[in-house]
């Protein structure tokens, strides 16, 4: 049931924790098995969570932490799927260059304002 990033569309303005989980999994290329292992539950439980509109605070904190996000950012994923994906991939790019190519990292840091503007523009476009 994995969606490709180009198939992901912004949701209506209501909160749906299951959709947030689905998008976080797609953006991070994480399987239901990976999430199940982290939460110490079955894959079937994770698949049920994908259809769940609300979750208790403890579960939301666990999931947001697993995806290295705040709970607020996690719950807003359906409203900004492309912006969130962009931010995630930029974060990965910075991490990669920090470990392997310090010269390129300096280049990216010199363009940090432009990268932030692109992220803001994507999010603005997603809002319509």
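For the stretch 103-122, filtering for residues that are part of a helix (DSSP H, G or I) and modelled with pLDDT of 80 or more leaves 12. Number of residues in the stretch 103-127 that are over 22 Å from the mean Cα position of the chain (by Cα) and surrounded by fewer than 10 Cβ atoms within 10 Å (Cβ to Cβ) equals 2.
The values are calculated or read from the model by the stated rules, or taken from the named source; none is laboratory data. As the structure is a prediction and not an experimental result, all values here were calculated from the model. Quick reminder, even Gly has a Cβ in these numbers, built from the backbone with ideal geometry, and neighbours come from all protein chains shown.
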